[in-house]
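> One structure is given below, represented as structure tokens, and several questions about it will come after.
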Amino acid sequence: MRYYQPEIETMRVSELEAMQREKLQKQVRHVYANVPYYREKMQAKHVTPDDIHGVEDLYKLPLISKGDLRDTYPYGLLAVPLKDCVRIQSTSGTTGKRVIAYYTQHDLDLWEDCCARAIVAAGGTNEDVCQVAYGYGLFTGGSGLHGGSHRVGCLTLPMSSGNTDRQIQFMLDLKATILCCTPSYAAYIGEVLHERGIKPEDICLKAGIFGAEPWTEEMRREIEASLGIHAYDIYGLTETSGPGVAFECAAQNGMHICEDHFVAEIIDPETEEVLPIGSEGELVFTSLDKEAFPLLRYRTRDICRLTREKCSCGRTHIKMCKPMGRSDDMMIIRGVNVFPSQIETVLINEGYSPNYQILLDRAHNTDTLDINVELSPEWFDDTIKNISMREKNLEAALRTMLGIGPKVHLVAPKSLVRSEGKAVRVIDKRNLQ
């Protein structure tokens, strides 16, 4: 078993907790002294740094959400002089103002270390060729895995997303062994390789590190089969640094959180009560040693569980399961909570591709749920009667999973737009009326 930083990744839990306690006290004082917005929120709760002795006192601190980041745009949560910052990264800003995260060189070093841990956990060494097909620029995906690949000593292919022809050419010519991108783009690359008659044994890939969007275990198996690899999950968000906050090991049953840099909590998204380990709820992160943009108790909106069960890989850091959905992306349809991951699971189990689109609308004051699903080329030649029967069978399977009945439309192969970045699965027109 290989580790990038073995003395930290296999540290005794008691030592990790002591490290977290010391770092948390220092971080709270740093934030209180340098971020007026935080200080005011803490004062409103009658909390001072002297009240925080360890992780057990985190609940006393106010929670922070993306709304706070937008309200303080662009400099309101900056905790160091701007001259000490060497980079920014940013979210897409699709739901409002962009969220800008600032980094000192120290922050970048820690982030790249976390990504290096993920690459080594996926089997990466300095003999590997790492193809980074996440987006570069303001998006954190490309920058994070690029830096981590350098730390490990891999030959790094900074491909960015898109231009699939070039991706495949370099993958073949330079014998890439590790692919880093979104899972939907990995699935698309596998689809194109199959169309060109290129078999998994014709390429040198051995592992993929996929994140930035939800994906199911069923999709993992599809990608592994199409590319002939082991597919590993990685988790992160711009607000805390980027990918590498947590990553999968060879066990492939949850992502180890880098607890020397981040403290994770699970809360009830409605009551904000802290829940015990093993409970399902919303994931909250506290950055322990970020200098420029240190977030305390940041609400990720991701729904998941944490576990302290011993891992076969030897790493001792707590694990988070694959996010089961988001508290803010959750669709409430006719009073029923629905997550896109539930729909994807049914589609793949029923033999359909993960190329689908969810359309929400409202007719006569009632929510409507339509799902466009691509047919495989061999099924597209079916008679209209057989396609109609497939739609009804799929509707029945989805009704069993979701508790409500959708309208399924089986559409022609390649008729839905492919994603070279984050896949857009849901189009909700209800807010437009």
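> Can you give the angle from 0 to 90° between the axis of helix 140-152 and the longest principal axis of the chain, with both taken from C-alpha atoms, to the nearest 10?
For 140-152 against the chain, the angle is about 70 degrees.
> Cut-off 14 Å, label point 7 angstrom out along Cα-to-Cβ of His150: give me the residues of the stretch 96-122 whose amide nitrogen falls inside.
Under cut-off, by backbone N: 105-116.
> Which of Tyr75, Tyr38, Tyr136 moves the most in a Gaussian network model of the chain with Cα springs under 10 Å?
Tyr75
> Which distance in Å, rounded to a whole number, links the C-alpha centroids of the stretch 52-92 and the stretch 114-135?
28
> Once phi is turned into ³J(HN,Hα) by the Karplus curve 6.51 cos²θ - 1.76 cosθ + 1.60 with θ = phi - 60°, what whole-Hz value does each residue of the stretch 368-375 show in order, with x for glycine and proline?
In residue order, the calculated couplings are 10, 10, 10, 10, 8, 10, 6, 7 Hz.
> What shape does the stretch 290-330 take by its C-alpha gyration tensor, where a ≥ b ≥ c are the square roots of the eigenvalues and a/c under 1.5 counts as rounded, a/b above b/c as prolate, and the rest as oblate?
In terms of gyration-tensor shape, oblate.
> Can you list the residues, at least 5 places off or on another chain, whose amide H is less than 5 Å from the amide H of Tyr356, using H built in the peptide plane?
none
> Oh, and also: Compute a Gaussian network model of the chain, connecting alpha carbons closer than 10 Å, and tell me which residue from Phe293, Phe210, Phe339 fluctuates the most.
So, out of Phe293, Phe210, Phe339, the one fluctuating most is Phe339.
> While we're here: Just check the chain against the gyration tensor rule for me: Cα atoms, a ≥ b ≥ c as the square roots of the eigenvalues, rounded for a/c under 1.5, and otherwise prolate or oblate depending on whether a/b exceeds b/c.
The shape class here is oblate.
> Students often get this wrong, so check it: of Lys66/Lys319; Lys206/Lys322; Lys175/Lys206, which have C-alpha atoms separated by over 19 Å?
Lys66/Lys319; Lys206/Lys322
> Hey, what do the phi angles of the stretch 222-239 turn into as Karplus ³J(HN,Hα) couplings, whole Hz, using 6.51/-1.76/1.60 and θ = phi - 60°, x for Gly and Pro?
So the Karplus estimates, Gly and Pro as x, are 4, 5, 4, 6, 6, 10, x, 10, 9, 9, 10, 8, 9, 10, x, 8, 3, 4 Hz.
> Would you kindly derive the ³J(HN,Hα) couplings of the stretch 345-351 from the backbone phi angles with the Karplus curve 6.51 cos²θ - 1.76 cosθ + 1.60 (θ = phi - 60°), listing them in order in whole Hz, with x for Gly and Pro?
My calculation for the stretch 345-351 gives 4, 5, 4, 5, 5, 8, x Hz in order.
> To the nearest 500 deg cm²/dmol, what mean residue ellipticity at 222 nm is calculated for the chain from DSSP H runs of n ≥ 4 alone, each contributing -39,500 (n - 2.57), summed and divided by the residues?
-10000 deg cm²/dmol
> Which order, highest average first, do 387-396, 352-361, 253-262 follow once you tally other Cβ atoms within 10 Å for each residue and take the mean per peptide?
The peptides rank, most packed first, as 253-262, 352-361, 387-396.
> Going by a ≥ b ≥ c, the root eigenvalues of the Cα gyration tensor, does the stretch 121-234 fall in the rounded group (a/c under 1.5), the prolate group (a/b larger than b/c) or the oblate group?
In terms of gyration-tensor shape, rounded.
> With a 10 Å radius around each residue's Cβ, average the other Cβ atoms per peptide and rank 46-56, 98-108, highest first.
Ranking the peptides 46-56, 98-108 by packing returns 98-108, 46-56.
> By the scheme Lys and Arg +1, Asp and Glu -1, what is the net charge of all other residues having a beta-carbon under 11 Å from that of Gly314?
+2
> Which residue, Gln27, Gln169, Gln342, tops the fluctuation ranking in a GNM of the chain built on C-alpha contacts under 10 Å?
Most flexible of the set in this elastic network: Gln169.
> Rolling a 1.4 angstrom probe over the protein heavy atoms, how many square angstrom per residue are accessible across the chain?
About 44 Å² of surface per residue is accessible.
The values are calculated or read from the model by the stated rules, or taken from the named source; none is laboratory data. Just so we're clear, the structure is a prediction, and the values are computed from it rather than from any experiment. Here the Cβ is made from the backbone with ideal geometry for all residues, glycine too, and neighbour counts use every protein chain on show. These area figures cover heavy atoms from the full protein model, side chains too; ligands, DNA and RNA do not enter into them. Shrake-Rupley method; radii C 1.70, N 1.55, O 1.52, S 1.80 Å.
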